[in-house]
1. Name the residue that is surrounded by the fewest Cβ atoms within 10 Å (Cβ to Cβ), counting only residues in segment 54-67 that are touching a Leu at 6+ places or on another chain (Cβ under 7 Å) and of a type outside the set (Ser, Thr, Tyr).
2. Between Ile113, Ile102, which is modelled with pLDDT of 90 or more, of a type in the set (Val, Ile, Thr), in contact with a strand residue (DSSP E or B) (Cβ under 8 Å, 6 or more places away or on another chain) and farther than 18 Å from Leu3 by Cα?
3. For segment 3-28, give me the residue count where each residue is out of contact with any strand residue (DSSP E or B) (no Cβ under 7 Å at 6 or more places or on another chain) and not β-branched (Val, Ile, Thr).
4. Residue by residue through segment 1-27, note down the ones that are loosely packed, with under 11 Cβ neighbours inside 10 Å and modelled with pLDDT of 85 or more.
5. Any chance you could count how many residues in segment 94-111 are assigned to a strand (DSSP E or B) and either of a type in the set (Phe, Trp, Tyr) or buried (at least 17 other Cβ atoms within 10 Å of the Cβ) (or both)?
6. Working only within segment 68-93, note down all residues that are surrounded by 14 or more Cβ atoms within 10 Å (Cβ to Cβ) and in contact with a Ser or Thr (Cβ under 6 Å, 6 or more places away or on another chain).
7. Restricting attention to segment 73-93, which residues are charged (D, E, K, R), outside any strand (DSSP E or B) and modelled with pLDDT under 90?
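The values are calculated or read from the model by the stated rules, or taken from the named source; none is laboratory data. On a predicted model such as this, the values are computed, not experimentally measured, just so you know. As a convention, Cβ positions derive from the backbone with ideal geometry for all residues, glycine included, and neighbour counts pool all protein chains shown.
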Amino acid sequence: MDLSTASQLSPVALSGYQLLVIGSPCYNRGLARPVTAYLDRVQDLDGMPAVIVVTGFNYTDRAIAMLRELVQEKRGTVLDTIELWTARPNPQRDGTTEPEEIMRRAGARLARIDRAAAA
């Protein structure tokens, strides 16, 4: 597993990877500029599965839609979108509203999907 920030040093040819997890804080219902600039540089995802994570004060729906569109423009396949709020309770997801538990359960769910696809 490789972790990277959305910088000039981040890989843009992702064909050697199995999953793209891309996240962004939400600013005024938009995405962080480094994230959009990174996706502009990313090469064709050729159907690569992707998970989108957006954190924000409370409303992240526009940022989720924007990031989904950017991934799909690169021909990525969005498997899941996860939004985490800091100013109001998170929507219940997988039986919890706690951000850490939401992410842990999402990771476990994605691992099950990956194992099933590999079988």
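1. Taking segment 54-67 as the starting set, the residues that turn out to be touching a Leu at 6+ places or on another chain (Cβ under 7 Å) are 54-55, 63, 66-67.
Going one step further and asking which of them are of a type outside the set (Ser, Thr, Tyr), we end up with 54, 63, 66-67.
Working: Val54: 26, Ala63: 24, Met66: 19, Leu67: 26.
Among residues in segment 54-67 that are touching a Leu at 6+ places or on another chain (Cβ under 7 Å) and of a type outside the set (Ser, Thr, Tyr), the one surrounded by the fewest Cβ atoms within 10 Å (Cβ to Cβ) is Met66.
2. Sole residue among the options that is modelled with pLDDT of 90 or more, of a type in the set (Val, Ile, Thr), in contact with a strand residue (DSSP E or B) (Cβ under 8 Å, 6 or more places away or on another chain) and farther than 18 Å from Leu3 by Cα: Ile102.
3. To start, the set of residues in segment 3-28 that are out of contact with any strand residue (DSSP E or B) (no Cβ under 7 Å at 6 or more places or on another chain) comprises 3-13, 15-18, 27-28.
Narrowing the set further to residues that are not β-branched (Val, Ile, Thr) leaves 3-4, 6-11, 13, 15-18, 27-28.
Of the residues in that region, 15 qualify.
4. Kept after step one, since they are loosely packed, with under 11 Cβ neighbours inside 10 Å, are these residues of segment 1-27: 1-5, 7-9, 13, 15-16.
Within segment 1-27, Gln8, Leu9, Ala13, Ser15, Gly16 qualify.
5. Kept after step one, since they are assigned to a strand (DSSP E or B), are these residues of segment 94-111: 96.
Checking the rest, the ones that are also either of a type in the set (Phe, Trp, Tyr) or buried (at least 17 other Cβ atoms within 10 Å of the Cβ) (or both) come to none.
The number of residues fulfilling the criteria is 0.
6. Filtering segment 68-93 for residues surrounded by 14 or more Cβ atoms within 10 Å (Cβ to Cβ) gives 68, 70-71, 74, 76, 78-85, 90, 93.
Within segment 68-93, Glu83, Leu84, Asn90 meet the criteria.
7. First, pick out the residues of segment 73-93 that are charged (D, E, K, R): 73-75, 80, 83, 88, 93.
With outside any strand (DSSP E or B) added as a condition, the list becomes 73-75, 88.
Result: Arg88, single match.
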